[in-house]
Amino acid sequence: MTGRLCELCPHRCGADRFGGSGAGFCGALDKPRVFRWGPHFGEEPPITGERGSGCVFFSRCTMKCLYCQNSPWSWKGAGEDKSVEELAGIFRSLVLDDKVENINLVSPTPYLPFIREAADIIRKEGIKIPYVWNSSGYERVEVLEEYRELCDWALFDLRYSRDETARRLSSAPGYVDAARAAVKWAYEKPGVDLIVRILVLPGHHEEAIENLAFLATELSNEIPVSVMSQFTPAYKALETPPLNRSVTEEEYEEVVEAAADFGFENGWIQGYEASDPKLALLGENMTENHGVVK
């Protein structure tokens, strides 16, 4: 890795992270930093399964969302640096001790070379486990292809449909093309199971509808989608209208109705009050008051 300039995410900032001379846009350096890990039971049902998903929450992020609920580690870098061998130990423990269904890589992009090495270590020990690439969707297709073995499940967001919004709220130029290309790659890639999360943002619910339209008209309305009402004002959103409020019931219902109108039947939908741990199936109980706790 020494001397490689980082172009792992769409920022392609060219930081000499792996040569040890400085952090990239995301703030990541030359060791994987992990905030926490363990079995998680709040993902979509196919990923949670019966034994839980083995989530590994990586510090730092390729986006700077003003409303990030994980800002202590995504923005500020809380967590512990791990060697590749220590990261492999985390993976090994999740599989052998916790018996998880999969290893869920949460915001893995800044650390992909290290994650691959750790995955190779346990693979050579005979440990076989599916990997979930759990991401904002702000990815490069070339990088997804290069690290294909870490993407048995693609759990991708489609957060924005307008680049101006992505720049202003998440410092993510080119988000729309990048995220839609990533979703298209996962949809078309044999052996990759795709779930697309649609988080409805206050004042921007039209963008959720536009992303549903993109999926239905340019890919397929058979793609499993997870429509989410759980936005809670956090971090810099508390001082940034309209992000300093929750999604209104009217905004959310427009998105729910659009999902029905576009013919989505595979996936899940939170009720407007997303405090109930149950999750309603799309196409059956479109307006039931169910939700999933993240």
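Throughout, read-outs are computed from the coordinates displayed, never taken from laboratory work. On a predicted model such as this, the values are computed, not experimentally measured, just so you know. Positions of Cβ are generated from backbone atoms using ideal geometry, with glycine treated the same way; all protein chains shown enter the neighbour counts.
Residues whose amide H falls under 5 Å from that of LEU194, counting only those 5 or more places apart or on a different chain, are ALA154, with hydrogens built in the peptide plane. Net length available on complete extension from ALA213 to GLU273 is 19.1 nm, with 0.36 nm assigned per residue and the Cα-Cα distance removed. For the pair ASN244 and ASP152, a Förster radius of 51 Å applied to the C-beta separation gives a FRET efficiency near 0.85, rounded to the nearest 0.05. Using the Cα gyration tensor of the range 65-185, with a ≥ b ≥ c the square roots of its eigenvalues, what is the shape: rounded (a/c below 1.5), prolate (a/b larger than b/c) or oblate (neither)? It is prolate, given that a/c is not under 1.5 and a/b is the larger ratio.
Taking the DSSP beta bridges with both ends in the chain, the antiparallel portion is around 30 percent.
For the chain, the pair-distance distribution built from all alpha carbon pairs, in bins 5 Å wide starting at 0, is 1, 6, 12, 16, 19, 18, 14, 8, 4, 1, 0 percent. Just checking the listed ones, THR48, THR62, THR240: in the Gaussian network model of the chain with Cα springs under 10 Å, the one fluctuating most is THR240. Note on LEU96 and ARG168: the model spin-label points, each 7 Å out from Cα along the C-beta direction, lie 5.2 nm apart. Length available on full extension from LYS184 to GLU80: 0.36 nm per residue minus the Cα-Cα distance, which gives 34.0 nm.
For the chain, the Cys residues with no second cysteine's beta carbon closer than 4.7 Å are CYS6, CYS9, CYS13, CYS26, CYS55, CYS61, CYS151. Its Cα centre serving as origin, the range 90-244 has a Cβ charge dipole (Lys and Arg +1, Asp and Glu -1) of approximately 260 debye.
Sequentially through the range 97-107, phi angles give Karplus couplings (6.51, -1.76, 1.60; θ = phi - 60°) of 8, 8, 6, 5, 6, 6, 9, 9, 8, 8, 6 Hz, Gly and Pro residues having no value and appearing as x.
A viscosity of 1.306 mPa s and a temperature of 10 °C, combined with the Kirkwood radius over C-alpha pairs in the Stokes-Einstein formula, give the range 138-229 a diffusion coefficient of 119 µm²/s.
Applying the Karplus relation 6.51 cos²θ - 1.76 cosθ + 1.60 with θ = phi - 60° to the range 119-124 yields 3J(HN,Hα) values of 5, 5, 4, 6, 4, 5 Hz, where x marks Gly and Pro.
For LYS31, the aspartates and glutamates whose Cα comes closer than 15 Å to its Cα, not counting residues fewer than 8 places off in the same chain, are ASP16, GLU80, ASP81, GLU85, GLU86, GLU117. The Cα-based radius of gyration of the range 1-152, divided by its Kirkwood radius, gives an Rg/Rh of 0.94. Under a 5 Å amide H cut-off, with hydrogens placed 1.01 Å from N, TRP268 pairs with VAL225, SER226, VAL227, LEU282 among residues at least 5 apart or on other chains. Counting charges near ALA178 (Lys, Arg +1; Asp, Glu -1) among other residues having Cβ under 9 Å from its Cβ returns a value of 0.
Between rounded, prolate and oblate, where does the range 33-112 land on the alpha carbon gyration tensor, with a ≥ b ≥ c its root eigenvalues, rounded for a/c under 1.5, else prolate if a/b exceeds b/c? Judged from the Cα gyration tensor, the range 33-112 comes out oblate (a/c at least 1.5, b/c at or above a/b).
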